[in-house]
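A.B. asks: Following this message is one structure expressed as structure tokens.
Just so it is clear, none of the values below were taken in a lab; they were calculated from the coordinates. Note that this is a predicted model, so its numbers are computed, not measured. Positions of Cβ are backbone-derived with ideal geometry, glycine not excepted, and every protein chain shown enters the neighbour counts.
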Amino acid sequence: MAETLQFDLVSPERRLASLEATAVQIPGADGDMTVMGSHAATITTLRPGILSVTHAGGTDDYVVSGGFAEISATGVSVLAEQALPKGDVTQEVFDGMVKAARDAHAKASDFVNEPGPVDDAAKLLADMVAMGDTIGLSASN
């Protein structure tokens, strides 16, 4: 039997999950990662994407817009800026997430000769659109 780890997913609105998992796939800002039991301690930021949790009952997918994941040998705690079960993400919800990313990009574009904030906002927007493609939703123009 695979080694398990405690998984907790929390957003500002609510706790979405607290369960024993065998694997957690995280959309990290520096690349996707899979966490299993006895993983090295790590803290990573999240990018918009699908967070998948494999457990005894199957696999649960969550859409996250960003946040942090704290990983230890015994568990994963995810503090998401926004998180929803994948099945709860409607076109309307997705459009709101994309609008927020577009607004952040427009605001960052006010920085003159400072590519960092503009590039970060552009990547956020691109990641959000890519996530929509993954779950079968398209960003409206």
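A.B. asks: Which of these, V53, V78, V93, has the largest mean-square fluctuation under a Gaussian network model of the chain (Cα springs below 10 Å)?
C.D. replies: Looking only at V53, V78, V93, the largest GNM fluctuation is found for V93.
A.B. asks: While we're on this one: Using alpha carbons only, how many degrees (0 to 90, rounded to 10) separate the axis of helix 91-108 from the longest principal axis of the chain?
C.D. replies: Here the helix axis deviates by roughly 60 degrees.
A.B. asks: Separate question: In whole angstrom, and with the biggest value first, how far do the Cα coordinates of the stretch 89-135 range along each principal axis?
C.D. replies: Cα spread of the stretch 89-135 along its principal axes, largest to smallest: 37, 16, 8 Å.
A.B. asks: Expressed as a fraction of 2.2 N^0.38 Å, the rule-of-thumb size for a compact globular protein of N residues, what is the C-alpha radius of gyration of the chain?
C.D. replies: Computed over Cα atoms of the chain, the ratio equals 1.09.
A.B. asks: Still on this structure, please answer the following. Cross-link candidates for K107: which lysines have Cα within less than 16 Å, leaving aside residues fewer than 8 places away along the same chain?
C.D. replies: K99, K123
A.B. asks: By how many degrees, between 0 and 90 and to the nearest 10, does the Cα long axis of helix 115-135 differ from the longest principal axis of the chain?
C.D. replies: It is inclined by approximately 60 degrees.
A.B. asks: Among all the aspartates and glutamates, which ones have a C-alpha under 20 Å from K86's C-alpha, if same-chain residues fewer than 8 places away are not counted?
C.D. replies: K86 reaches D8, E13, E20, D32, D60, D61, D95, D127, D133.
A.B. asks: While we're on this one: Based on the alpha carbon coordinates of the stretch 5-86, what radius of gyration and maximum Cα-Cα distance (Dmax) apply, in Å?
C.D. replies: Calculated on Cα positions, Rg and Dmax stand at 11.0, 30 Å.
A.B. asks: Which net charge results for the neighbourhood of T44, defined as the other residues with beta-carbon distances under 15 angstrom from its beta-carbon, given Lys and Arg at +1 and Asp and Glu at -1?
C.D. replies: On the way: positive: R47; negative: D30, D32, E70, E81, D127.
Here the charged neighbours net out to -4.
A.B. asks: Quick one: if you stick a label point 7 Å off each Cα along the C-beta vector at S138 and A56, how many nm between them?
C.D. replies: It is 4.4 nm.
A.B. asks: Taking 0.36 nm per residue of separation and subtracting the Cα-Cα distance, what length does fully extending T34 through E92 add? Numbers along the way, then the final one.
C.D. replies: On the way: separation 58, 0.36 × 58 = 20.88 nm, distance 2.98 nm.
Gain on stretching T34 to E92: 17.9 nm.
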